[in-house]
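Novice: Structure provided below as structure tokens; questions to follow.
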Amino acid sequence: MYSDKVMDHFKNPRNVGEIENASGVGEVGNPVCGDIMNIYLTIENNIITDAKFKTFGCGAAIASSSMATELVKGKTLEEAWEVSNKAVAEALEGLPPVKMHCSVLAEEGIHKAINDYRKKQGLEPWVEKNPHSHEHEGATCDH
Amino acid sequence: MGEKRTVYLDHSATTYVRKEVLDAMVPYFTDHFGNPSSIYHIAGVSRKAIDTARAQVAKALGAGPEEIYFTSGGSESDNWAIKGIASANVKKGNHIITTKIEHHAVLHTCQFLEKNGFAVTYLPVDKYGLVDPAELERAITDKTILISIMYANNEIGTIEPIAELGAIARKHKVPFHTDAVQAIGNVKIDVNTQNIDLLSLSAHKFYGPKGVGVLYIRKGTKIDNLIHGGGQERRRRAGTENIAGIVGCGKAIELATADIEGHNKRIRALRDRLLAGIQAKIPDTHLNGHPEKRLPGNINISFEFIEGESMLLWLDDEGICASTGSACTSGSLEPSHVLLATGLPVEISHGSLRLTLGNVNTDADVDLVLDVLPKVVSRLREMSPLYKGKKGGCNVQ
């Protein structure tokens, strides 16, 4: 059901772990829904120099975390903010429709970590252009 | 390292077809293909084969052959029992009693009837998945026309007190249906001593072919047809008979019920060693289902801090076929209704793993799982943010 790319990032996830004293941390998801992602970013001179994650979730959630951290590394905050859930899913050579919310979660995690950093810097957090609630296509995890 | 071998631990999902069963079936695809409804001589061979299979099924259930009806499988049998009883008895009442842990073939059929004017009581279960007979008795009203309670649960393996529940139904003169799809070959069934009026079974759960099942209907039970058409199955179930399938079903149930004790002893020994090994090697687990009143091959265990689908993917990578009650594999995004009905917290339901052993399994299979599973669990826990919280909080080990 998963692409080779998803299985590769699931079995050999990049950037697993935490960053102590991270510049920004994004915690998203809910154990009741079956997925939680923690994203850690090191930011130097407006550039993401390191990104790590810890994830509780299915294969797609782990692969999305791995891919999202890969995609934002080396990018400016402005560029990283533009990394959409679709970009994560495309980089994974597609996700099954019921698993698209995993890529949404990854995008949200990155955004939350960036805004965590911005707040720490005394800057206005950026506003989500297309706010996703943590809803699954059609069904809501309403616990 | 040789070829990766397949270790099949999902016998509750389906089984392979036994060689003896397949051998019995094959001639009915090729040589004896006659339509049993025809009058020429080759049709007689087909009719005789169906009679033999019917007798084999009847014997396995302690029923009469005239009470056995072949169907396309467990789902059809469940649909027929519930919709057929409902429509035939609608003048008498509109109330049906079932449980929260039924297979979807029963649950969704009941929900369909609810949309059509029926009232359904879904009995709760205790933390082991057991239905309380007193609760059943309290739920019965003068409008109750059917009680449907599964014999053994497909996910957690809990075996319900069927004879006792059936006795209550009988006392109140309400037809009692049981979905026995998981029970055949694992539990000794007798429809008379166990007070069963209708019983569903499916051949592919006991080493028979897919696409064939049975509904047992006690003589005198008022029930409408589900499949209308020709006069097959004594005008009760239309459609040209799946002769080879029916032959396979008969042979499979004969073999599966020939030595239930011996089969259970062998499977249970493997299961107990596997379960004990998992519990010894992996901390923070939760056994789902009843410790004793459970199917001999069933293990359903939750691993805290991790999610089931990611476990299955890693196990599959090692050749191990298993299943989970996590939402993430069902497409429904809700974890197993059975685990939730036992009161298991949602987040722990996501981390459940079902291993169901059967005829093909060996000690080597158990050893492989005991080697692989602890590594899978610890790998996933290492990347789980929930596990970190746990370690920080109270120092695991």
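Novice: Could you work out the mean projected area of the convex hull around the alpha carbons of segment B:335-392, in square nanometres to one decimal? Working shown, then result.
Specialist: Values: hull surface 22.0 nm².
Here the figure is 5.5 nm², rounded to one decimal.
Novice: Just to be sure I understand the curve: with the Debye formula and one point per C-alpha of segment B:272-348, what is log10 I(q)/I(0) at q = 0.11, 0.16, 0.18, 0.27 Å⁻¹?
Specialist: So the normalised log intensities are -0.29, -0.63, -0.81, -1.54.
Novice: Hey, what does the equivalent ellipsoid look like for segment A:1-63, semi-axes from the Cα gyration tensor as sqrt of 5 times each eigenvalue, largest first, whole Å?
Specialist: Values: eigenvalues 106, 47, 13 Å².
In descending order, the three semi-axes are 23, 15, 8 Å.
Novice: At 0.36 nm per residue, minus the direct Cα-Cα distance, what do B:ASP284 and B:SER38 gain on full extension? Give it in nm, one decimal, please. It would help to have the intermediate numbers written out before the result.
Specialist: Values: separation 246, 0.36 × 246 = 88.56 nm, distance 6.26 nm.
Gain on extension, B:ASP284 to B:SER38, equals 82.3 nm.
Novice: A further question follows. Express the relative contact order of segment B:1-139 as a whole percentage, based on alpha carbon pairs under 8 Å and six or more residues apart in sequence. Don't skip to the answer; put the middle values down first.
Specialist: On the way: 96 pairs, mean separation 17.6, N = 139.
Reported relative contact order: 13 percent.
Novice: Take the Cα gyration tensor of the protein assembly as shown, multiply each eigenvalue by 5, square-root it, and list the three semi-axes largest first, rounded to whole angstrom. Write down the numbers at each step before the final one.
Specialist: Values: eigenvalues 490, 126, 99 Å².
Sorted largest first and rounded, they come to 50, 25, 22 Å.
Novice: Suppose we keep just the alpha-carbon trace of chain B; what are its Rg and Dmax in angstrom?
Specialist: In Å, with Rg to one decimal and Dmax whole: 22.1, 79.
Novice: If packing is taken as the average number of other Cβ atoms within 10 Å across a peptide's residues, how do B:186-193, B:240-247 rank, most packed first? Display every interim value, and only then the final one.
Specialist: Values: B:186-193: 17.6, B:240-247: 22.9.
In decreasing order of mean packing, B:186-193, B:240-247 become B:240-247, B:186-193.
Novice: Still on this structure, I have one more. Taking +1 at the Cβ of each Lys and Arg and -1 at the Cβ of each Asp and Glu, which of B:GLY44, B:THR99, B:SER77 sits farthest along the dipole of segment B:37-151 towards its positive end, judged by Cα position relative to the Cα centre?
Specialist: B:GLY44
Novice: Under the Kirkwood approximation applied to all pairs of distinct alpha-carbon atoms, what is the hydrodynamic radius of segment B:96-191 in Å?
Specialist: Kirkwood hydrodynamic radius for segment B:96-191: 13.5 Å.
Novice: To the nearest whole percent, what portion of all C-alpha pairs in segment A:41-109 is separated by more than 16 angstrom? Write out the running numbers ahead of the final one.
Specialist: Values: 956 of 2346 pairs.
When every Cα pair of segment A:41-109 is considered, 41 percent fall beyond 16 Å.
Novice: With a cap of 13 neighbouring Cβ atoms within 10 Å, and only residues DSSP puts in a loop, list the trypsin sites (Lys or Arg not before Pro) found in segment B:217-289.
Specialist: Numbers: sites: B:ARG218, B:LYS219, B:LYS222, B:ARG234, B:ARG235, B:ARG236, B:ARG237, B:LYS251, B:LYS265, B:ARG266, B:ARG268, B:ARG271, B:ARG273, B:LYS281; in loops: B:ARG218, B:LYS219, B:LYS222, B:ARG236, B:ARG237.
Here the sparse-neighbourhood loop sites are B:LYS219, B:LYS222.
Novice: Something else about it: Ignoring ligands, DNA and RNA, what percent of the accessible area of chain A is carbon or sulfur (1.4 Å)?
Specialist: Values: 2960 of 6300 Å².
Carbon and sulfur atoms account for 47 percent of the accessible area of chain A.
Novice: Can you work out D for segment B:196-309 in µm² s⁻¹ from Stokes-Einstein, where Rh is the Kirkwood radius over C-alpha pairs, the temperature is 25 °C and the viscosity is 0.890 mPa s?
Specialist: On the way: Rh = 17.7 Å.
Translational diffusion coefficient: 138 µm²/s.
Novice: For segment B:257-324, what is the charge dipole size about the Cα centre, in debye to the nearest 20, if Lys and Arg each add +1 at the Cβ and Asp and Glu each add -1 at the Cβ? Before the final figure, lay out each step's value.
Specialist: Working: 8 positive and 11 negative charges, 100 e Å.
Dipole of segment B:257-324, to the nearest 20 debye: 480 debye.
Novice: Also, quick follow-up: Can you flag which of B:LYS83/B:LYS188; A:LYS73/A:LYS112; B:LYS188/B:LYS265; B:LYS83/B:LYS293; B:LYS48/B:LYS251; B:LYS143/B:LYS171 are past 22 Å Cα-Cα? Walk me through the numbers on the way to the answer.
Specialist: Working: B:LYS83/B:LYS188 27 Å; A:LYS73/A:LYS112 16 Å; B:LYS188/B:LYS265 14 Å; B:LYS83/B:LYS293 30 Å; B:LYS48/B:LYS251 14 Å; B:LYS143/B:LYS171 15 Å.
Long pairs (Cα-Cα over 22 Å): B:LYS83/B:LYS188; B:LYS83/B:LYS293.
Novice: Rounded to the nearest 5, what % of DSSP beta bridges with both residues in chain B are antiparallel?
Specialist: Numbers: 20 of 37 bridges.
Taking every DSSP beta bridge with both residues in chain B, the antiparallel ones total about 55 percent.
Novice: Next up: Set Lys and Arg Cβ to +1 and Asp and Glu Cβ to -1, take the dipole of segment B:41-196 about its Cα centre, and tell me which of B:LEU165, B:THR144, B:GLY64 lies farthest positive.
Specialist: B:GLY64
Novice: Of all trypsin sites (Lys or Arg not before Pro) in segment B:112-165, which ones are in loop regions per DSSP and have a Cβ with at most 14 other Cβ atoms within 10 Å? Don't jump to the answer; show the numbers that get you there.
Specialist: On the way: sites: B:LYS115, B:LYS127, B:ARG138, B:LYS143; in loops: B:LYS115, B:LYS127, B:LYS143.
When the trypsin sites (Lys or Arg not before Pro) of segment B:112-165 are filtered for loop state and at most 14 Cβ neighbours within 10 Å, B:LYS115, B:LYS127, B:LYS143 remain.
Novice: What does the charge dipole of chain A about its Cα centre add up to, to the nearest 20 debye, if the Cβ of each Lys and Arg holds +1 and the Cβ of each Asp and Glu holds -1? Don't skip to the answer; put the middle values down first.
Specialist: Values: 14 positive and 22 negative charges, 42 e Å.
Rounded to the nearest 20 debye, it is 200 debye.
Novice: Follow-up question, since we're still on this one. Rounded to a whole number, what is D in µm²/s for segment B:181-251 from Stokes-Einstein with the Kirkwood radius over alpha-carbon pairs (20 °C, 1.002 mPa s)? Don't skip to the answer; put the middle values down first.
Specialist: Numbers: Rh = 13.5 Å.
For these conditions, the coefficient is 159 µm²/s.
Novice: Now, a different point. Determine which residues of segment B:61-78 fall in the zone a paramagnetic label at B:ASP224 would reach in this model, i.e. backbone nitrogen under 18 Å from the point 7 Å along Cα→Cβ.
Specialist: Inside the label zone: B:76-78.
Novice: Can I ask one more? Counting only helical runs of four or more DSSP H residues, what would the 222 nm mean residue ellipticity of chain B come to if each run contributes -39,500 (n - 2.57) and the total is spread over all its residues? Mind showing how you got there, number by number?
Specialist: Values: 16 runs with 168 residues, N = 397.
Calculated from helices alone, the mean residue ellipticity at 222 nm is -12500 deg cm²/dmol.
Novice: Oh, and also: Scanning chain A for GluC sites (Glu not before Pro) in DSSP loops with at most 16 other Cβ atoms within 10 Å, what's the longest stretch left with none?
Specialist: Details: sites that count: A:GLU18, A:GLU20, A:GLU82, A:GLU93, A:GLU128, A:GLU137.
Segment A:21-81 is the longest.
Novice: Summing both sides, how much accessible area is buried between A and B? Use a 1.4 Å probe and give Å² to the nearest 100. Please report the intermediate quantities before stating the final value.
Specialist: On the way: alone 7350 and 17230 Å², together 22420 Å².
Buried: approximately 2200 Å² between B and A.
Novice: How much area per residue is accessible in the protein assembly as shown when the probe is 1.4 Å and only protein heavy atoms are counted (Å²)?
Specialist: Details: 22420 Å² over 540 residues.
With all protein chains present, the protein assembly as shown gives 42 Å² per residue.
Novice: Using the alpha carbons of chain A, what is the convex hull volume per residue in cubic angstrom, as a whole number?
Specialist: Values: hull volume 14.7 nm³, N = 143.
For chain A, the hull spanned by Cα atoms encloses 102 Å³ per residue.
Novice: Of the DSSP beta bridges with both residues in the protein assembly as shown, give the percent that are antiparallel, rounding to the nearest 5. Mind dumping the intermediate values first?
Specialist: Numbers: 38 of 56 bridges.
Around 70 percent antiparallel, to the nearest 5.
Novice: In whole Hz, with x marking every Gly and Pro, tabulate ³J(HN,Hα) for segment B:155-163 from phi via Karplus 6.51 cos²θ - 1.76 cosθ + 1.60, θ = phi - 60°.
Specialist: 8, 9, x, 4, 9, 7, x, 4, 4
Novice: May I ask you to give the percent of accessible area on segment B:189-321 that is carbon plus sulfur, with a probe radius of 1.4 Å? Each step should come with its number before you reach the end.
Specialist: Values: 2400 of 4980 Å².
Roughly 48 percent of what the probe reaches on segment B:189-321 is carbon or sulfur.
Novice: Now a separate question. For B:376-383, what's the mean count of beta carbons from other chains sitting within 10 Å of each residue's beta carbon? Mind showing how you got there, number by number?
Specialist: On the way: counts 0, 0, 0, 3, 4, 1, 3, 12.
Per-residue shielding by partner chains comes out at 3.
Novice: Using all Cα-Cα distances in segment B:70-121, what percent lands in each 10 angstrom bin from 0 up to the longest?
Specialist: 25, 58, 16
Novice: In addition: Straight-line reach from B:LYS375: which lysines fall under 25 Å, measuring Cα to Cα and dropping same-chain residues less than 8 apart?
Specialist: The reachable lysines, counting only those whose Cα sits under 25 Å from B:LYS375, are A:LYS5, A:LYS11, A:LYS52, A:LYS54, B:LYS4, B:LYS281, B:LYS388, B:LYS390, B:LYS391.
Novice: Oh, and also: What aspartates and glutamates could a cross-link reach from A:LYS75, if we take a straight Cα to Cα line under 12 Å and drop same-chain neighbours fewer than 8 places away?
Specialist: Once the sequence-local aspartates and glutamates are set aside, what remains near A:LYS75 is A:GLU44, A:ASP50.
The values are calculated or read from the model by the stated rules, or taken from the named source; none is laboratory data. Just so it is clear, the structure is predicted and the values come from calculations on it, not from any experiment. Virtual Cβ from ideal backbone geometry, glycine too; neighbours counted across all protein chains shown. Please note that ligands, DNA and RNA were not included when accessible areas were found on the heavy atoms of the full protein model with its side chains. Shrake-Rupley method; radii C 1.70, N 1.55, O 1.52, S 1.80 Å.
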